[in-house]
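Each value in this text was obtained by applying a stated rule to the coordinates, not by laboratory testing. Since the structure is predicted, the reported quantities are computational estimates derived from the model, not experimental observations. FYI the Cβ positions are ideal-geometry reconstructions off the backbone, even for glycines, and counts take in every protein chain you see.
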Amino acid sequence: MYDFAAEPGNNELTVNEGEIITITNPDVGGGWLEGRNIKGERGLVPTDYVEVGSGNDPWSAWSASKSGNWESSEGWGAQPEGAGAQRSTNTPNNWDTAFGHPQAYQGPATGDDDDWDEDWDGPKSSSYFKDSESADAGGSQRGNSRASSSSMKIPLNKFPGFAKPGTEQYLLAKQLAKPKEKIPIIVGDYGPMWVYPTSTFDCVVADPRKGSKMYGLKSYIEYQLTPTNTNRSVNHRYKHFDWLYERLLVKFGSAIPIPSLPDKQVTGRFEEEFIKMRMERLQAWMTRMCRHPVISESEVFQQFLNFRDEKEWKTGKRKAEKDELAGVMIFSTMEPEAPDLDLVEIEQKCEAVGKFTKAMDDGVKELLTVGQEHWKRCTGPLPKEYQKIGKALQSLATVFSSSGYQGETDLNDAITEAGKTYEEIASLVAEQPKKDLHFLMECNHEYKGFLGCFPDIIGTHKGAIEKVKESDKLVATSKITPQDKQNMVKRVSTMSYALQAEMNHFHSNRIYDYNSVIRLYLEQQVQFYETIAEKLRQALSRFPVM
């Protein structure tokens, strides 16, 4: 889609706009993929520079599997837009690249933005980084999307807890260890729900400051984070947020949609508008995390906000990277305070979640598309139309003034002022989207990322249900014992309670968020039109009454 010049020594491939390349490895991570041009040359290309020809809908695997075999989408097989894909600009629904917004992102960052600072982080001790270092200069093996539409799988063998494929590791474990961490699930007025902490907190992201390393050769932006429950600040760079995102995705992604971070950028990373937008989106992301009763109370999240020095940060970081209660094993920490469900009810609950989230995904994308078109009209042709009216009226007044007829001065002045009023209205129209549509689009953008996580989550549950359905056959062939089958049913019931608890959290947040953001939009629209009406009244009052 754009020209990209490879940097020597980074295993990159130079591509030109309009050039067709073959993707040889989409699983590189960190905002990169590996491709081959028609000359047979291979190398890395930023994901945002490539428009993928097909297979970009995270729901395609879900839709294709509804009446067939779910094993193909078990676990993390078909990565979603919000939690398992690299961002691509080939969708019209992308807020990041839409509307000609001055704060819109422009693509993935170069290694400078993502290189791990060895002074801060120390040597990489986890196999998590092993295969990604050469491809990403020490960057993370990230599987997120930044509101993406292309599919990017996470290599599961990179992470502790993903040693076995699919849900078998959890369903068929002979004995689940008694984890120190427990995630209770209770039944409330609206069904299963997470247990919310007695006191909640938010985290203020502020005071972005430019820092440097390597004697000033590399620069970065550092943000101050202040949890409202401690009022003690810590500082983090974007790459640290990225690390936290990866750990949360790996640990909780089978059960909880982890919204993606704002994307990285090649140019303009230190421009004020970009820093402002990134900080706004990091703030929204942190607020989402603080709002979730499981995520906010997790050890890795608390450590991210409350470490006291570099040594404590490193220790917590290494511990999180070695956490084995990740992937499907997160369900082993969950304890529903409710009777086991039967398989029919489990399947019905899963289908209901899939149906709703797919429909909402369609609705959110439609609103994003409509909003994008409206933004473009408000910042492009619509103000120009008002300007044309204004200039035409002022030209008419100039012509009238040339007549030399003294009795029309008041009329000519009024027409001139009316023309100026229309030029003022043009400016109001162009600026209005930043006051109302911006927030509506940001909310939809966040939910697009959330909803893109659900095909994977549903796939994991469907895969577990299919395994339980096969259990009678496995018992008959002595591959598992009747007790094993009983354990499988109990464990898939736990998974179902977790899904229902997450959906109750999702729905309560959805109702609050959309009530707030649409109210704000309408209030600002009312104020906008009242301002225009008042300007028109003032212009009208200048005309003489005949």
Relative contact order of region 433-546 (C-alpha contacts under 8 Å, at least 6 apart) in percent is 42
The rounded separation in angstrom of the Cα centers of region 457-495 and region 364-418 is 69
Multiply the residue gap between residue 408 and residue 355 by 0.36 nm, knock off their C-alpha separation, and tell me the result in nm, one decimal place.
-> 12.3 nm
With charges only on Cβ, +1 for K and R and -1 for D and E, what is the dipole size of region 319-455 about its Cα centre, in debye, rounded to 20?
-> 820
In whole angstrom, and with the biggest value first, how far do the Cα coordinates of region 294-396 range along each principal axis?
-> 77, 51, 20
Two-site FRET efficiency, residue 23 against residue 483, from Cβ-Cβ distance with R₀ of 45 Å, rounded to 0.05 = 0.45
Once the dipole of region 347-541 is set up from charges on Cβ (+1 Lys and Arg, -1 Asp and Glu), the residue from the list 418, 525, 447 lying farthest towards its positive end is 447
Highest-first arrangement of 374-386, 315-327, 454-466, where packing means the average Cβ count within 10 Å | 454-466, 315-327, 374-386
Full extension from residue 233 to residue 427: what is 0.36 nm times the residue separation minus their Cα-Cα distance, to one decimal in nm?
-> 65.8 nm
Taking the Cα-to-Cβ direction at residue 325 and at residue 299 and moving 7 Å from each Cα, how far apart do the two end points lie in nm?
-> 0.7
Return an integer: the convex hull volume of the alpha-carbon atoms of region 327-467, in Å³ per residue.
-> 144
Nearest-0.05 FRET efficiency for residue 224 and residue 180 at R0 = 30 Å, using Cβ-Cβ distance, is 0.40
Report the charge-dipole magnitude of region 201-338 in Debye, nearest 20, computed about the Cα centre from +1 at each Lys and Arg Cβ and -1 at each Asp and Glu Cβ.
-> 600
Determine, for each peptide in 485-496, 502-513, 521-532, the mean count of other beta carbons within 10 angstrom over its residues, then list the peptides with the highest first.
-> 485-496, 502-513, 521-532
Among the listed pairs 355/434; 180/485; 239/435; 182/319; 180/239, those beyond 23 Å (Cα-Cα) | 355/434; 180/485; 239/435; 180/239
Set the Förster radius R0 to 41 Å, insert the Cβ-Cβ distance between residue 343 and residue 513 as r into 1/(1 + (r/R0)^6), and round the FRET efficiency to 0.05.
-> 0.75
Given the pairs 365/535; 178/467; 251/469; 365/462, which are separated by over 32 angstrom at their Cα positions?
-> 365/535
What is the extension gain from residue 542 to residue 189, computed as 0.36 nm multiplied by their sequence separation minus the C-alpha to C-alpha distance, in nm to one decimal?
-> 120.9 nm
Listed peptides 432-439, 248-255 by packing density, highest first (mean Cβ within 10 Å) | 248-255, 432-439
With each pseudo-label sitting 7 Å past Cα toward Cβ, what's the residue 173-residue 472 distance in nm, one decimal?
-> 2.8
